[in-house]
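Trainee: Take a look at this one; I'll ask things after.
The values are calculated or read from the model by the stated rules, or taken from the named source; none is laboratory data. Only a predicted model underlies this, so the values are computations on that prediction, with no experimental measurement involved. Counting neighbours? That spans all protein chains shown, and the Cβs are built from the backbone with ideal geometry, glycine included.
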Amino acid sequence: MKEYHKIETIFERDMDGTKKLIIGKFRNPTIEYLKNCEWVFTEKIDGTNIRVMWDGHDITFAGRTDRAEIPKPLMARLEELFLNDETEQLFEQTFGEKEAILYGEGYGGKIQNGTNYKETEDFILFDVECNGVFYNYLYCVELAEMFGISYVPIVTRGTLDLGIKMVTVMSSLMGETAKFEGFVARPIVELKDNRGNRIIVKIKVRDFEGIV
């Protein structure tokens, strides 16, 4: 099954050596056009990308690429969460014989030391795709609750400008000691641009420190 798509930053970067964002110079004109619409801002989790895949019959796991190795403690947690008769029946009832992927982040434990999320490795869902179609945030939350798994916390809803202003003053919702990395933002409804690319962006703290 396919890998998760890249999430772009909002603005272009300076090509003269600083590599800093050029505030106001949007990478994608569709993003600029939609900047004042309502966006959903979820916390960006710093971990390792995990795919939980359903092919219509079986559940399998993979990292960002098919060759990526999943740490043993995290694999054990994935097997605990998903490899049981009840979860397999939920996949079958929800997706039937359609191919579906639950995209999430493996985090905690020894994954990305310094983030201070939790002591043990775990999985947190951030996206769901079925037959090439991505579900909106609210439906992803419903699926997470049905499967009994965590979903990346929503921080706020509003314009892109609101998210940019908030990103450097936010604290993580993943725990008192957790490090806040930034937002992933997408419109309240799923949209694509004229090239067929999904409308979704990341707003990272380190890109806006000292700027906003």
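Trainee: Please go through region 10-47 and give me each residue that is at pLDDT below 95 and among the hydroxyl-bearing types (Ser, Thr, Tyr), ordered by number.
Mentor: Passing the criteria: only Thr18.
Trainee: Within the group Lys179, Lys192, Lys165, which residue is under 28 Å from Glu121 (Cβ atoms) and either outside the structural domain of Leu102 (by TED's automatic domain parsing) or out of contact with any Pro (no Cβ under 9 Å at 6 or more places or on another chain) (or both)?
Mentor: Only one candidate qualifies: Lys179.
Trainee: Looking at (1) surrounded by 20 or more Cβ atoms within 10 Å (Cβ to Cβ); (2) in contact (Cβ under 8 Å) with a residue 60 or more places away in the chain, which is the one condition that is false for Arg198?
Mentor: Unmet for Arg198, out of (1) surrounded by 20 or more Cβ atoms within 10 Å (Cβ to Cβ); (2) in contact (Cβ under 8 Å) with a residue 60 or more places away in the chain: (1).
Residues checked against (1) at pLDDT 95 or above; (2) crowded, with 20+ Cβ neighbours inside 10 Å; (3) in contact with a strand residue (DSSP E or B) (Cβ under 8 Å, 6 or more places away or on another chain); (4) not basic (Lys, Arg):
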residue: Leu90; (1), (2), (3), (4): yes, no, no, yes
residue: Glu119; (1), (2), (3), (4): no, no, no, yes
residue: Val128; (1), (2), (3), (4): yes, yes, yes, yes
residue: Gly132; (1), (2), (3), (4): no, no, no, yes
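Trainee: Quick check on region 177-188. Is at least one of its residues more than 13 Å from the chain's Cα centre (by Cα), hydroxyl-bearing (Ser, Thr, Tyr) and within 24 Å of Gln93 (Cβ to Cβ)?
Mentor: no
Trainee: Something else: Among the residues of region 150-159, are any buried (at least 16 other Cβ atoms within 10 Å of the Cβ), in contact with a Ser or Thr (Cβ under 9 Å, 6 or more places away or on another chain) and of a type in the set (Gly, Ala, Ser)?
Mentor: no
Trainee: Of the residues Lys179, Lys118, Lys110, Lys98, only one is outside any helix (DSSP H, G or I), touching a Ser or Thr at 6+ places or on another chain (Cβ under 6 Å) and among the basic types (Lys, Arg); which?
Mentor: Exactly one residue qualifies, and that residue is Lys179.
Trainee: Go through region 40-80 and count every residue that is touching a helix residue (DSSP H, G or I) at 6+ places or on another chain (Cβ under 8 Å), farther than 30 Å from Gly163 by Cβ and in contact (Cβ under 8 Å) with a residue 40 or more places away in the chain.
Mentor: The total comes to 2.
Trainee: Would you mind finding the one in Ile164, Ile101, Ile203 that is under 19 Å from Arg51 (Cα atoms) and buried (at least 19 other Cβ atoms within 10 Å of the Cβ)?
Mentor: Ile101
Trainee: Shifting gears a bit: Within region 140-161, how many residues turn out to be in contact (Cβ under 8 Å) with a residue 24 or more places away in the chain and in a helix (DSSP H, G or I)?
Mentor: Qualifying residue count for the region: 5.
Trainee: Working carefully through the options Arg206, Arg186, Arg195, find the one that is at pLDDT 95 or above and either assigned to a loop (DSSP other than H, G, I, E, B) or not small (Gly, Ala, Ser) (or both).
Mentor: Of Arg206, Arg186, Arg195, the one residue that is at pLDDT 95 or above and either assigned to a loop (DSSP other than H, G, I, E, B) or not small (Gly, Ala, Ser) (or both) is Arg186.
Trainee: Return the residues of region 26-76 that are touching a Lys or Arg at 6+ places or on another chain (Cβ under 9 Å), in a strand (DSSP E or B) and not hydroxyl-bearing (Ser, Thr, Tyr); say none if nothing qualifies.
Mentor: Hits for region 26-76 are Phe26, Trp39, Val40, Phe41, Asn49, Ile50, Arg51, Trp54, Phe61, Ala62.
Trainee: Another question about this same structure. Taking region 135-149 as the region of interest, how many residues are buried (at least 17 other Cβ atoms within 10 Å of the Cβ) and touching a helix residue (DSSP H, G or I) at 6+ places or on another chain (Cβ under 9 Å)?
Mentor: Final tally of qualifying residues: 3.
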